[in-house]
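Engineer: Here it is: the structure, laid out below.
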Amino acid sequence: MLYYIGAISLILIGIYTVLTKKNLIKIVIGLSIMDSGINLLFISIGYVKNATAPIFSNASLTADKMVDPVPQALVLTAIVIGLATTAVALALVIRLYDHHKTLNINKIRQLKW
Amino acid sequence: MRKAVSIILLAVVGYYLFNVFLNMPFGEKREGVGKYYLENTLDETGAVNTVTAIVVSYRGFDTLGEVTVLFLAATGLGAILFDKRGKKRRHQYASLIVRVTSNMLYPMIVLLGAYVFVHGHLTPGGGFQGGSIIATGVLLMFMSYRKFEANHTALSVIESLAGLTFVTVGLGGLIYGSSFLYNYLPLGQPGDLISAGVIPIIYIAVGFKVGAELSGVLDTMLKTIR
């Protein structure tokens with residue numbers, strides 16, 4: 001249960017950062033925090049009490065003493081996609097900085113809300 | 001004003017999220033597709049690591065899409081940051097201690113990355129993780145030596161060959177088996193290095209591809225620093 005609370009808190013912190021911060025780099029960091037929160041949420045959904053990782057590394061391990069492997073496989077995908085989106089977002093930030101010479105979204109007229 | 005609006009929005013989103021997860025059982029045994037995978041992976045794929053079996057075999061097509069997304073991101077990054085002036089990285093003067101240590105660490109980091117993706121079907125790890133480890137080694141060298149250049153031709157050759165290997169092995173499944181990415185090679189003894197049919201081949205290709213792509217991304221981003 002604590003894992004759910006922690007993961008949802010991370011997601012909320014990420015949304016708060018994206019909504020209130022004015023520095024573009026901080027907004028990208030906020031997106032990244034949200035990403036981690038969602039990954040933690042997925043992993044904790046697959047958790048089973050007193051179970052091990054889903055790897056049959058020795059014969060004494062049986063299938064009913066393992067956590068759910070599907071969320072782990074999905075999160076493996078999500079981490080890589082998160083990395084790719086963060087890289088592209090940072091590249092856009094670099095370009096915006098080159099163009100406007102500032103990272104403050106209030107000074108970049110088109111991004112104001 | 002903006003903060004107040006944001007906090008009200010967060011309160012609403014948080015309330016509903018907590019409500020959803022309040023009713024979701026935590027830490028209990030689950031039925032369904034996860035159980036099926038756990039019980040049948042060893043017989044069907046021969047891979048010891050169930051997560052690898054799901055990523056490469058059961059959901060292999062999904063992984064092909066994921067690799068494509070990563071490739072698109074790397075290409076898009078290059079397109080966004082493309083500059084006609086041939087740019088060099090800014091002169092960075094790393095100290096002697098940093099240079100000597102990274103000289104010693106770099107081969108070991110690459111070796112660890114290769115170990116992680118070669119043993120992807122046996123131990124925790126796999127192509128994506130191993131590729132990322134190799135990219136961190138390359139980043140260390142970028143940070144210590146300003147003359148350490150990435151050979152972009154070699155990187156794209158490695159990337160294309162790895163992608164081709166993935167697709168060719170997958171198409172082999174159509175010829176020798178029943179479906180794309182069918183596991184048509186002998187499964188071998190679970191737990192051996194050479195086992196689990198096509199899974200290690202695909203994961204090694206993914207490892208090369210991810211390592212080359214991430215190194216290219218790092219090089220592109222570092223070249224924009226002035």
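Engineer: Can you give me the number of residues within the range B:143-187 that are part of a helix (DSSP H, G or I), under 24 Å from the mean Cα position of the chain (by Cα) and within 30 Å of B:V98 (Cβ to Cβ)?
Structural biologist: Qualifying residue count, the range B:143-187: 8.
Engineer: Can you give me the ranges of the helices (runs of 4 or more DSSP H) entirely in the range B:1-120 with at least 1 residues that are among the acidic types (D, E) and either farther than 30 Å from B:S144 by Cβ or free of Cβ contacts under 8 Å to residues at least 40 places away in the same chain (or both)?
Structural biologist: B:33-44, B:60-80
Engineer: In the set A:T85, A:T77, A:T102, which member is facing chain B (nearest Cβ under 10 Å), hydroxyl-bearing (S, T, Y) and either under 30 Å from B:T45 (Cβ atoms) or not in a helix (DSSP H, G or I) (or both)?
Structural biologist: From the options A:T85, A:T77, A:T102, the qualifying one is A:T77.
Engineer: In the range B:149-163, what residues are surrounded by 12 or more Cβ atoms within 10 Å (Cβ to Cβ), at pLDDT 80 or above and of a type outside the set (S, T, Y)?
Structural biologist: Once the filter is applied, which keeps residues that are surrounded by 12 or more Cβ atoms within 10 Å (Cβ to Cβ), at pLDDT 80 or above and of a type outside the set (S, T, Y), the range B:149-163 yields B:L155, B:V157, B:I158, B:E159, B:L161, B:A162, B:G163.
Engineer: Further question on the same structure: Out of the residues in the range A:20-64 meeting the condition of being more than 8 Å from chain B (Cβ to nearest Cβ) and of a type in the set (K, R), tell me which one is farthest from B:T52 (Cα to Cα).
Structural biologist: Only one residue tops the list, namely A:K22.
Engineer: Now a separate question. With (1) at the interface with another protein chain (Cβ under 7 Å from one of its Cβ atoms); (2) over 30 Å from B:G216 (Cα atoms); (3) surrounded by 19 or more Cβ atoms within 10 Å (Cβ to Cβ) as the list, and A:V67 as the residue in question, which single condition is left unmet?
Structural biologist: Going through (1) at the interface with another protein chain (Cβ under 7 Å from one of its Cβ atoms); (2) over 30 Å from B:G216 (Cα atoms); (3) surrounded by 19 or more Cβ atoms within 10 Å (Cβ to Cβ) one by one, A:V67 breaks only (1).
Engineer: Also, I was wondering about something else. Among the residues of the range A:88-99 satisfying the criterion of being of a type in the set (A, V, I, L, M) and within 9 Å of chain B (Cβ to nearest Cβ), which is farthest from A:Y4 (Cα to Cα)?
Structural biologist: A:I94
Engineer: Additional query: Sort through B:V55, B:V67 and tell me the only one that's out of contact with any strand residue (DSSP E or B) (no Cβ under 7 Å at 6 or more places or on another chain), crowded, with 19+ Cβ neighbours inside 10 Å, under 14 Å from A:P69 (Cβ atoms) and not acidic (D, E).
Structural biologist: B:V55
Engineer: Which condition number does B:T136 fail, the rest of (1) surrounded by 21 or more Cβ atoms within 10 Å (Cβ to Cβ); (2) within 13 Å of the chain's Cα centre (by Cα); (3) more than 9 Å from chain A (Cβ to nearest Cβ) being met?
Structural biologist: Among (1) surrounded by 21 or more Cβ atoms within 10 Å (Cβ to Cβ); (2) within 13 Å of the chain's Cα centre (by Cα); (3) more than 9 Å from chain A (Cβ to nearest Cβ), B:T136 violates only (1).
The values are calculated or read from the model by the stated rules, or taken from the named source; none is laboratory data. Computed from a prediction, not measured in an experiment: that's the story for all the values here. In this analysis, Cβ positions are derived from the backbone assuming ideal geometry, glycine residues included, and neighbour counts consider all displayed protein chains.
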